[in-house]
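Here's the structure, in structure tokens; my notes come after.
The values are calculated or read from the model by the stated rules, or taken from the named source; none is laboratory data. Note that the structure is a prediction, hence the values are computed from the model and not measured. Note: ideal-geometry Cβ built from the backbone for every residue, glycine included; neighbour counts use all protein chains shown. Heads up: the accessible areas ignore ligands, DNA and RNA and are worked out on the full protein's heavy atoms, side chains in. Shrake-Rupley method; radii C 1.70, N 1.55, O 1.52, S 1.80 Å.
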Amino acid sequence: MGSACAKCGNYGQAPVDKEDAKPVKNYVKIVSARGLFDDWHERPLEFAREYFCALQVATRDQATRSDAEPPDLYVTQSVRNVVDPIWREEFGVQDCEKDGSLVFYLSASEGTNLEIRPVGKGTLAASAFATEGFNGEVHLVDSDGSATGGYLTVLVRPVSQAFYPLGWRSVEDHVSINNKKKKALGLEIDAQDGTTLYVYGVKTGIVQTNNRVSPVMLTPGQFIVNVNNIGGSAAKLQDGLKQKELELIVRRPVEFSILLEANKKADLGLEFTKKPLGNALLITKVNGEDGGNNGATSAARIWNKSNSEQQVRRGDRVIAMNGFRGKAAELLKRLNALKGPRLQLTLLRPATSD
């Protein structure tokens with residue numbers, strides 16, 4: 001204790017030694033991060049970036065007194081060459097005072113010499129987890145306190161609690177709509193995946209009116225997965241929307257980003273809809289997804305083999321390419337003109353309970 005950590009930068013001390021550890025009062029799981037860098041397509045193939053996160057339990061004394069004992073430091077393993085790093089590492093930490101906080105330092109080692117680059121700092125007040133724990137995102141700020149656009153997903157539970165709390169956001173929501181006069185719903189929908197209705201727009205109509213009074217709004221980006229107890233078929237869902245009384249089950253979207261090494265579109269191992277709609281481009285095929293050696297060396301298959309938690313699948317939708325967000329038709333145009341060596345895609349799919 002008391003020395004700087006070469007891996008983490010100068011946070012004031014080395015990672016905590018198990019023999020020196022204080023009694024555990026809370027468990028903290030550092031899960032993942034998103035919204036970090038969109039510059040991968042500008043980097044050569046030899047460029048490397050490793051993300052890691054350090055955690056400290058901060059007290060008021062440590063913030064106001066120069067002679068206060070420095071807090072223990074807990075550091076994740078490094079995750080290499082991904083856009084949205086996933087760690088899922090758990091640490092047992094000492095008690096956090098009522099006016100204290102958990103402070104997270106996200107950093108990246110990058111370049112030939114793997115020089116350390118601060119990415120962002122996140123703070124979670126003790127009041128946010130002291131009673132029932134915490135399950136959610138912590139926004140990241142830079143050294144000036146300005147938002148970076150990045151988020152860190154963390155879980156916290158006291159030792160007396162056997163499980164981490166459920167997240168504040170449900171996977172599914174229920175929406176009730178009364179359309180006795182069968183007026184226009186005003187929904188812009190993409191049904192091309194065959195199983196869901198992806199809402200890419202809400203225009204003037206019954207849904208917009210219903211949103212003003214409903215506790216749950218139906219908004220662009222959501223997926224309709226069930227209409228009046230019928231699901232599994234996009235065609236049946238569309239037919240169900242013609243009824244006068246609607247009970248909808250909608251799923252919120254989940255975003256994540258992948259990094260593919262490809263010099264042209266043909267190297268990706270991905271096929272896309274020929275009728276792009278809205279602002280999300282549907283992936284209709286992933287080479288090798290159904291087994292066999294089809295597309296064995298495609299960029300998508302290579303990525304999927306090494307990133308089991310962030311695999312690209314048929315039915316995913318591309319909403320950004322190398323940081324650009326726009327109409328699906330423009331995304332497809334840019335993919336057709338792709339020149340590597342790297343491609344960063346941000347994907348969208350319905351949330352699941354997994």
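The table that follows gives values for the structure above.
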quantity: Within the accessible area of the chain (1.4 Å probe), percent carbon and sulfur; calculated: 47 percent
quantity: Sites matching trypsin sites (Lys or Arg not before Pro) across the stretch 114-199 that sit in DSSP coil, with at most 12 neighbouring C-beta atoms within 10 Å; calculated: Arg169, Lys180, Lys181, Lys182, Lys183
quantity: Max mean-square fluctuation residue, GNM over the chain, Cα-Cα springs under 10 Å, options Leu166, Leu343, Leu237; calculated: Leu166
quantity: Pairs beyond 31 Å (Cα-Cα), from Lys29/Lys274; Lys285/Lys327; Lys182/Lys275; calculated: Lys29/Lys274
quantity: Accessible area per residue in Å² at 1.4 Å probe, computed on the stretch 61-191; calculated: 56 Å²
quantity: Phi-based couplings in Hz for the stretch 303-310 (Karplus 6.51, -1.76, 1.60; Gly and Pro marked x); calculated: 4, 4, 5, 9, 9, 5, 8, 9
quantity: Restricting the stretch 112-202 to GluC sites (Glu not before Pro) in coil, as DSSP defines it, with at most 14 other Cβ within 10 Å; calculated: Glu132
quantity: Gaussian network model of the chain, springs between alpha carbon atoms under 10 Å - residue of Val202, Val79, Val225 with greatest fluctuation; calculated: Val202
quantity: For the stretch 33-175: rounded, prolate or oblate by the Cα gyration tensor [a/c cutoff 1.5]; calculated: oblate
quantity: Distance cut-off 20 Å, percentage of C-alpha pairs in the stretch 121-208 lying past it; calculated: 62 percent
quantity: Test item: Cα-centred dipole of the chain, Lys/Arg +1 and Asp/Glu -1 on Cβ, debye; calculated: 1980 debye
quantity: MRE, 222 nm, helices only [DSSP H, n ≥ 4, -39500 (n - 2.57), over the chain, to nearest 500]; calculated: -2500 deg cm²/dmol
quantity: Cα principal axis extents for the chain, largest first, Å; calculated: 71, 49, 38
quantity: Once exposed loop chymotrypsin sites (Phe, Trp or Tyr not before Pro) are cut out (DSSP; at most 13 other Cβ, 10 Å), longest piece of the chain; calculated: 169-354
